[in-house]
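*Asks:* The structure under discussion is supplied below as structure tokens; questions concerning it will follow.
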Amino acid sequence: MNQAAPATQILIVEDSPTQAYNLKITLESESFQVKVCNSGEEALKFLAEESIDLILTDIIMPGISGYDLCRAIKSDTRIRDIPVILLTTLREEQDIIQGIECGADNFINKPYDPQYLLARIYQVLNVSKRRLSKSGNVEVELMGRSLSVNQNTAQVLDFLVSSFEEYIRSKKLEDLPAEAIDSTSGLAQKAFELSRSQSELRRQTLILQSILTSMVEAVIVADERGNLITLNKAARDIFCNGKQPRSINDLEKLYQADQVTPLPDDKQPYNSAMSGETMDGIELFLPGSGNRLDYWLSCNVSVLKDELGLNKGAVIVFRDVTARKQLEQQVRHFYSMITHELRTPLTAIKGSLRLIEGGLAGDISNKAKDLVTMAVTESDRLIALINDILDITKIESGRLEINVSDLDPTELVRHTVNNMQSLADSASIKIITELNTNGTKVVGDRSRILQVLTNLLGNALKFSPTNSTILIRTLPADSNRLRFEIVDQGPGIAADKLNLLFKPFQQISSTSSHSIGGTGLGLHTCQLLIERQGGAIGVESEIGKGSNFWFELPLAII
Amino acid sequence: MIIQKILIVDDDPNIRMIAQTSIEGLTDWQVLTATTGVEALEVVASQMPDLILLDVRMPEMDGLTALKHLQENPQTTLIPVIFITANVQTHEIEAYIRSGAKGVICKPFDPLALPDHIRSFVQ
């Protein structure tokens, strides 16, 4: 229905932005050029300077009403020929009288069907072209009242015809069969829904914008040519650095986790997304520049597809993980500090004590020898504590190195027993083994399994009475695991203490009040090490019946 | 191999004293000492020890650099080097062995077992 010349200019006077917008969209769809004024005053100012072909005005507005606006237009010789359509709910006779009196050319009831509105506009535009600007007093009777109207006769006629038409339309609706009413009201309903969905769309857009602004994650959206569509506030804070980027290529390139190697171009987030790759939270480095500090960014990407499934751009989301990265660096620094600053003096302390104990610093009294031996034992305990703390720090920060291979369980146990035989002999404790593994192997880190076996056997030796026996045996736990057991004849552990054993600093003395040397971290470390290797660890014990500490490791696949 | 002269290199005087006391008390090896990598290279050039006990972290020149210099010099390339270090992580120890060291002794070490520990790497 594109009947209008493209240059036809329509002015909308409407205080509700939503209604004005809907109207504008409807008119622009017909190639009208549309201007909007939010009040009658603004419209008059506008009309003084610009030329317009048609005016659509609301009636009830703050400031001057639609009637007053129309009256002002029709009394101004320069603009009086511009047709004015009132957008109203003309129902009462007073409305019709005011409509005639103010000189309006036509009126349209709200809510209106867009097609009907357009038809009315074309009609008014056509009529106004051929209408003669002839005025004079007209006497009319309405609802028993006599009116003298000093207006253009043709205008009054048009206005009354349009009100009559509205009447017939409403009447027709009443008389129409139900299905026709359904279809007409369906159309109106559709128009209403369209208007609703437009405002819903705007509402959703506003919500989305608010979400993007308040997000701590940086969000960047670029089209298939790399033009930036969206950069939320967090993204601007990180990437803009005082500049106004327009393309994805204007953004600074990211570096790999080593902080010195730039990520290859095809692996940069936008290019990864466009080639259909994911980044799964990969952590990248953005070096400081200008006023901006270093950033560590965890990156996720996804591709924007249109309804045909074609790549239309990419969404890139960055999470700022700088604080965590810096904390990790501090932990590493702490680790390094412990390694060097504690090990070095301990080397001197323990070394000196051992030299004295071994007689290399000359003869000392027996009493002095006892004291030195005690000091050596305690410095060993301190060293073990440091090693345990280091292990736990490493395991918990995910930095423990585990080098797994297929291992012979018999060799692991024999190696441990050999290393501790002299300790057992000096305490008059017998160690026996039952190792029926039939050539099966376990999977694990040799040095870490030896560390666990040494710890468990050391505990058993510490708590075993003189002339008792410790049994080390291996047996199948199930079809996938081998179980190692270290069974002692010590005092046993109360049931309510068993669950505390593997927690840090929970060393318990089961029967006596004397303290038995240890760090309180040994079993906790064992648990972390075994679990890190895919195994399990536990204990069975009863007061007076000794303890059975066990752990299980996965069997190697032959 | 027969050890007659051993060079102990460590910037910490306490560690040097403990290692020296241990070796002099438990063996008949002659002990030479140096406090940095640079000084170690000078002592090696003038005294030609049979074996070097070399700290890793030292000012001026660290142990790994000193070892590299020794390896590049045909006259010193065959002298066995054992690192003595507080860097005890598996990957560090493996890196020292790859660099050409005969062995690695971790701090804190037992001075009464030190000579046997050294022998175990070179025999």
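The values are calculated or read from the model by the stated rules, or taken from the named source; none is laboratory data. From a predicted model like this one, the values you see are computed outputs, not experimental measurements. Glycine gets a Cβ as well: all are built from the backbone with ideal geometry, and neighbour counts include every protein chain shown. Remember, those area values only see protein heavy atoms, side chains included, never the ligands or the DNA or RNA. Shrake-Rupley method; radii C 1.70, N 1.55, O 1.52, S 1.80 Å.
*Asks:* Applying the selection to the range A:399-443, what residues are part of a strand (DSSP E or B), more than 14 Å from chain B (Cβ to nearest Cβ) and either open to solvent by 20 Å² or more (accessible area, probe 1.4 Å) or under 24 Å from B:Glu92 (Cα atoms) (or both)?
*Replies:* Hits for the range A:399-443 are A:Asp406, A:Leu407, A:Lys430, A:Ile431, A:Ile432, A:Thr433, A:Glu434, A:Leu435, A:Val443.
*Asks:* Shifting gears a bit: State the number of residues belonging to the range A:355-375 that are open to solvent by 50 Å² or more (accessible area, probe 1.4 Å), closer than 14 Å to B:Asp110 by Cα and either of a type in the set (A, V, I, L, M) or facing chain B (nearest Cβ under 9 Å) (or both).
*Replies:* Here the count works out to 1.
*Asks:* Follow-up question, since we're still on this one. Mind telling me which of the residues B:Ile105, B:Ile93, B:Ile82 ends up being away from every other protein chain (no Cβ under 14 Å) and within 30 Å of A:Asn403 (Cα to Cα)?
*Replies:* Exactly one of B:Ile105, B:Ile93, B:Ile82 is away from every other protein chain (no Cβ under 14 Å) and within 30 Å of A:Asn403 (Cα to Cα), namely B:Ile82.
*Asks:* Now, a different point. Would you point out the residue of the range A:304-334, among those that are open to solvent by less than 50 Å² (accessible area, probe 1.4 Å) and either polar (S, T, N, Q) or in contact with a helix residue (DSSP H, G or I) (Cβ under 6 Å, 6 or more places away or on another chain) (or both), that is farthest from A:Asn271 (Cα to Cα)?
*Replies:* Filtering first and then ranking leaves A:Thr322.
*Asks:* Is it the case that A:Thr373 is assigned to a helix (DSSP H, G or I) and either among the polar types (S, T, N, Q) or under 42 Å from the mean Cα position of the chain (by Cα) (or both)?
*Replies:* In short, yes.
*Asks:* Right, B:Leu53: within 14 Å of chain A (Cβ to nearest Cβ) and under 19 Å from B:Ile118 (Cβ atoms) or not?
*Replies:* Against the criterion (within 14 Å of chain A (Cβ to nearest Cβ) and under 19 Å from B:Ile118 (Cβ atoms)), B:Leu53 qualifies.
*Asks:* Note down all Cβ pairs under 7 Å where the first residue falls in the range A:192-214 and is exposed (fewer than 12 other Cβ atoms within 10 Å of the Cβ), the second is among the charged types (D, E, K, R) and assigned to a helix (DSSP H, G or I), and they're at least six residues apart or on different chains.
*Replies:* Listed pairs, sorted by first residue: A:Thr213/A:Lys233.
*Asks:* So which pairs qualify, if the first residue must be in the range A:376-389 and more than 11 Å from chain B (Cβ to nearest Cβ), the second must be in a helix (DSSP H, G or I), the Cβ gap must be under 6 Å, and the two must be at least 6 apart or on different chains?
*Replies:* What qualifies is A:Asp388/A:Thr525.
*Asks:* Check the range A:186-207 and report whether any residue there is closer than 18 Å to A:Ile316 by Cβ and among the aliphatic types (A, V, I, L, M).
*Replies:* no
*Asks:* Looking only at the range A:498-520, filter to residues that are open to solvent by less than 50 Å² (accessible area, probe 1.4 Å) and modelled with pLDDT of 80 or more; which one of those is nearest to the chain's Cα centre (by Cα)?
*Replies:* In this case the residue turns out to be A:Phe502.
*Asks:* Hey, can you tell me all the residues within the range A:98-115 that are open to solvent by less than 30 Å² (accessible area, probe 1.4 Å) and either closer than 16 Å to A:Ile55 by Cβ or assigned to a helix (DSSP H, G or I) (or both)?
*Replies:* A:Gly99, A:Ile100, A:Cys102, A:Gly103, A:Ala104, A:Asp105, A:Asn106, A:Phe107, A:Ile108, listed by residue number.
*Asks:* If you don't mind, another one. Any idea which of (1) crowded, with 21+ Cβ neighbours inside 10 Å; (2) farther than 17 Å from A:Tyr112 by Cβ is the one A:Leu44 doesn't satisfy?
*Replies:* For A:Leu44, the failing item is (1).
*Asks:* Still on this model: Among the residues of the range B:90-100, are any open to solvent by 60 Å² or more (accessible area, probe 1.4 Å) and within 12 Å of the chain's Cα centre (by Cα)?
*Replies:* Checked the range B:90-100: no residue is open to solvent by 60 Å² or more (accessible area, probe 1.4 Å) and within 12 Å of the chain's Cα centre (by Cα).
*Asks:* Right, another one. Which ranges mark the strands (runs of 3 or more DSSP E) fully within the range A:256-345 that have 3 or more residues being more than 14 Å from every other protein chain (Cβ to nearest Cβ) and touching a residue at least 40 places away in the same chain (Cβ under 8 Å)?
*Replies:* Hits in the range A:256-345: A:295-305, A:311-320.
The rows are residues; the columns are (1) more than 48 Å from the chain's Cα centre (by Cα); (2) more than 25 Å from A:Thr377 (Cα to Cα).
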{"residue": "A:Ala460", "(1), (2)": "yes, no"}
{"residue": "A:Thr469", "(1), (2)": "yes, no"}
{"residue": "A:Thr474", "(1), (2)": "yes, yes"}
{"residue": "A:Glu485", "(1), (2)": "no, yes"}
{"residue": "A:Ile493", "(1), (2)": "yes, yes"}
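*Asks:* Which condition from (1) over 16 Å from A:Val84 (Cα atoms); (2) part of a loop (DSSP other than H, G, I, E, B) is the one that A:Ile25 breaks?
*Replies:* (2)
*Asks:* Could we say that B:Leu26 is in contact (Cβ under 8 Å) with a residue 60 or more places away in the chain, within 14 Å of another protein chain (Cβ to nearest Cβ), in contact with a Pro (Cβ under 7 Å, 6 or more places away or on another chain) and open to solvent by 10 Å² or more (accessible area, probe 1.4 Å) here?
*Replies:* Yes; evaluated as a whole, the condition is true for this residue.
*Asks:* Continuing with this model, one more query. Could you check, for the range B:2-14, whether at least one of its residues is farther than 22 Å from B:Arg119 by Cβ and crowded, with 16+ Cβ neighbours inside 10 Å?
*Replies:* yes
*Asks:* Does B:Asp116 satisfy being at negative phi and open to solvent by 70 Å² or more (accessible area, probe 1.4 Å)?
*Replies:* Yes; evaluated as a whole, the condition is true for this residue.
*Asks:* Assuming A:Ile25 fulfils every condition listed in (1) of a type in the set (A, V, I, L, M); (2) buried (at least 17 other Cβ atoms within 10 Å of the Cβ); (3) within 42 Å of the chain's Cα centre (by Cα) apart from one, which condition is it?
*Replies:* (2)
*Asks:* Filter the range A:459-470 down to residues that are farther than 15 Å from A:Ile530 by Cβ, open to solvent by less than 60 Å² (accessible area, probe 1.4 Å) and in contact (Cβ under 8 Å) with a residue 40 or more places away in the chain, then give me how many there are.
*Replies:* So the count comes out to 5.
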